[in-house]
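Enquirer: Input: one structure, supplied below.
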Amino acid sequence: MSDRAVIGILGGSGLYEMEDLEIIEEKLIDTPYGEPSDKYIIGMIEGIQVIFLSRHGQGHKYSATGVNYRANIFGFKKLGAEIIVSVNAVGSLREEYHPTDIVIPAQFIDLTKKRENSFFPKIPAVHVDVADPFCKIISNILYEAGKSLGISVFIGGTYICIEGPSFSTRAESNLYRSWDTDVIGMTAATEAKLSREAEICYSSLSLVTDYDVWKETAEEVTAEMILANIQKGVGTAKRIIRKAVPKIAQITDCACRHALSFAIATHPAVIPDDVKEQIKPIFQKYLLEESQ
């Protein structure tokens, strides 16, 4: 086991690059699920090697609905990532979470319907535990880093993930508030599920851009307003990541990285060889254990 974990950084709206990243190489990764959103940038931050990917691609090529989530997470796994720190934009569903604040959620409600959100839709049958979908260890490190920098950051609460690409109606926004949810976005639930299946620790820096549309006295929610606020939050997120990366790299083991240990229902002998090859980066250690 390495004395440093391999860290992936998944950039969202406004975070298309890390200026402080000392680039070593750029890689285009082939996956069985198609092309990832962009090249993976491998480099150094604070003396720690990280892997950066722009979720939406350079120039915000893909909407949240159009992102190939499976390819993105699989690519990180193929490159050896053990941890993913995600940055994404959210609307606030609570008065106390102001635009440009950062929320590190603990739970999600997934309302997406059209996405491929599993590496195991057929064979093998895998039922992974996502009771606590965000890695508590990584989330706590990010939170402590933010507080030490004097940043307005909150930890805990529930992220509601909608399909998009349109925003909510006022009726929907108020419904979600009645469910006692905290922030609303379009990406984190899908990524968290796939990361857990890939045995990767996943945590999110959710950048509050607006009050969604429930708060009628607030400024009208527009794409322009959201992009302006996300640019303010991106700089803050980068500061947190720089501060947290050395400590995150010390987390060389975690329950997230054994998520499949008791999740596999299918005997390896009945998994077709082509499927075994396809999921090899995720499944290999379990196939090896079975053969011993």
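The values are calculated or read from the model by the stated rules, or taken from the named source; none is laboratory data. What you see is a predicted model, and the numbers here were worked out from it, not measured in a lab. All Cβ positions, even for glycine, are placed from backbone atoms using ideal geometry, and neighbour counts span all protein chains on display. Surface accessibility is based on the protein's heavy atoms, side chains included, excluding ligands, DNA and RNA. Shrake-Rupley method; radii C 1.70, N 1.55, O 1.52, S 1.80 Å.
Enquirer: Return the residues of the range 256-268 that are part of a helix (DSSP H, G or I), out of contact with any helix residue (DSSP H, G or I) (no Cβ under 6 Å at 6 or more places or on another chain) and open to solvent by less than 80 Å² (accessible area, probe 1.4 Å); say none if nothing qualifies.
Expert: Cys256, Arg257
Enquirer: I've got another one for you. Would you check which residues across the range 161-196 are acidic (Asp, Glu) and either surrounded by fewer than 23 Cβ atoms within 10 Å (Cβ to Cβ) or assigned to a loop (DSSP other than H, G, I, E, B) (or both) and list them?
Expert: Listed by number, the residues that qualify are Glu163, Glu172, Asp180, Asp182.
Enquirer: Could you tell me whether any residue of the range 18-26 is at pLDDT below 95 and either open to solvent by less than 10 Å² (accessible area, probe 1.4 Å) or assigned to a helix (DSSP H, G or I) (or both)?
Expert: Taking the range 18-26 as the starting set, the residues that turn out to be at pLDDT below 95 are 18-26.
Still in the list and also either open to solvent by less than 10 Å² (accessible area, probe 1.4 Å) or assigned to a helix (DSSP H, G or I) (or both): none.
Looking for residues that are at pLDDT below 95 and either open to solvent by less than 10 Å² (accessible area, probe 1.4 Å) or assigned to a helix (DSSP H, G or I) (or both), one finds none in the range 18-26, hence no.
Enquirer: Working carefully through the options Ile29, Ile42, find the one that is of a type outside the set (D, E, K, R), part of a loop (DSSP other than H, G, I, E, B) and surrounded by fewer than 24 Cβ atoms within 10 Å (Cβ to Cβ).
Expert: Ile29
Enquirer: Also: If I filter the range 48-56 for residues that are in a loop (DSSP other than H, G, I, E, B), surrounded by fewer than 21 Cβ atoms within 10 Å (Cβ to Cβ) and not hydroxyl-bearing (Ser, Thr, Tyr), do I get at least one hit?
Expert: So far as the range 48-56 goes, no, none of its residues is in a loop (DSSP other than H, G, I, E, B), surrounded by fewer than 21 Cβ atoms within 10 Å (Cβ to Cβ) and not hydroxyl-bearing (Ser, Thr, Tyr).
Enquirer: Okay, moving on. Going through the range 129-153 one residue at a time, which ones are crowded, with 20+ Cβ neighbours inside 10 Å, more than 15 Å from the chain's Cα centre (by Cα) and not small (Gly, Ala, Ser)?
Expert: Ile141, Tyr143, Val153
Enquirer: Scan the range 238-251 and give yes if some residue there is open to solvent by less than 10 Å² (accessible area, probe 1.4 Å) and within 30 Å of Pro121 (Cβ to Cβ), otherwise no.
Expert: So far as the range 238-251 goes, no, none of its residues is open to solvent by less than 10 Å² (accessible area, probe 1.4 Å) and within 30 Å of Pro121 (Cβ to Cβ).
Enquirer: Can I ask one more? Looking at Gly8, Gly14 in this structure, which one is modelled with pLDDT under 95 and either of a type in the set (Gly, Ala, Ser) or open to solvent by less than 30 Å² (accessible area, probe 1.4 Å) (or both)? Lay out the reasoning, then the answer.
Expert: Details: Gly8 fails: modelled with pLDDT under 95.
The match here is Gly14.
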